[in-house]
1. Tally time: how many residues in the stretch 1-15 are in contact (Cβ under 8 Å) with a residue 24 or more places away in the chain and either open to solvent by 60 Å² or more (accessible area, probe 1.4 Å) or at positive phi (or both)?
2. So which residues in the stretch 20-53 are crowded, with 16+ Cβ neighbours inside 10 Å, part of a strand (DSSP E or B) and either among the small types (G, A, S) or out of contact with any Cys (no Cβ under 9 Å at 6 or more places or on another chain) (or both)?
3. Give the stretch 64-92 a look and list any residue that's within 16 Å of F17 (Cβ to Cβ) and open to solvent by 30 Å² or more (accessible area, probe 1.4 Å), or say none.
4. Could you check the stretch 31-58 and list, in sequence order, the residues that are under 30 Å from W109 (Cβ atoms) and at pLDDT below 90?
5. Filter the stretch 71-97 down to the residues that are acidic (D, E) and not in a helix (DSSP H, G or I) and list them by number.
6. Give the number of residues within the stretch 20-37 that are under 14 Å from the mean Cα position of the chain (by Cα) and free of Cβ contacts under 8 Å to residues at least 60 places away in the same chain.
7. Please go through the stretch 98-115 and give me each residue that is open to solvent by less than 70 Å² (accessible area, probe 1.4 Å) and not in a helix (DSSP H, G or I), ordered by number.
Amino acid sequence: MREIDIIKEDIRCCDDFDVYPNDSINITYELWFDVDKYFGTHTHETSSWINFYTFFHKDGRITAVYEIDCDDHTESFDWELTAEEEFFFRNMMNRYCNKLYGCSVPALWSERETA
C-alpha cells in the first residue's frame, strides 16, 4: 500500500458536501491517479472503481473511508490517514468549505448551531 504520496497527486473535491449536524462533515473526492498504488487494491483488473471520502468530525478529527464499487455490490473500508495526510485533508476541507460557504468547517458548525 501507499506506493505513492496522495498529497502530491491530483485530488479534486466533488460537489458532495454533506453536513451531519451532530457528527461530521463529509466530502467526496475525485482521485485522478493510480488509486491501486495508493490503496493496494486491484481495480484495474476488474470492472470496479474507488470512491474516497473524508470526514471532519466536530472534535477536530479527520477520518477517511474508501469504497470499492462494482456493478453489483460495494465494499467499504476505513482508511487510516498519516499525520501529513490528515493535515492535508483538513486544509483541503476547510478551503472547500470556504469556497462553498465563505467560512471554515468549524465556523460552519457554529453558524448552524446558532441559527
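The values are calculated or read from the model by the stated rules, or taken from the named source; none is laboratory data. This is a predicted model, so every value here is computed, not measured. A quick note on method: Cβ atoms are made from the backbone with ideal geometry, for glycine too, and the neighbour counts reach across all protein chains shown. With ligands, DNA and RNA removed, areas are computed over all heavy atoms of the protein, side chains included. Shrake-Rupley method; radii C 1.70, N 1.55, O 1.52, S 1.80 Å.
1. Filtering the stretch 1-15 for residues in contact (Cβ under 8 Å) with a residue 24 or more places away in the chain gives 1-4, 6-7, 9, 11, 13.
If we keep only those that are either open to solvent by 60 Å² or more (accessible area, probe 1.4 Å) or at positive phi (or both) too, we end up with 1-3, 9.
Selection size over the stretch 1-15: 4.
2. S24, N26, L31, I50, N51, F52, Y53
3. Filtering the stretch 64-92 for residues within 16 Å of F17 (Cβ to Cβ) gives 64-65, 89-92.
Of everything in the stretch 64-92, those that are within 16 Å of F17 (Cβ to Cβ) and open to solvent by 30 Å² or more (accessible area, probe 1.4 Å) turn out to be R90, N91.
4. Matches in the stretch 31-58: K58 only.
5. Kept after step one, since they are acidic (D, E), are these residues of the stretch 71-97: 71-72, 75, 78, 80, 84-86.
Within the stretch 71-97, D71, D72, E75, D78, E80 qualify.
6. 8
7. Step one: filter the stretch 98-115 for residues open to solvent by less than 70 Å² (accessible area, probe 1.4 Å), giving 102-110.
Selection gives G102, C103, S104.
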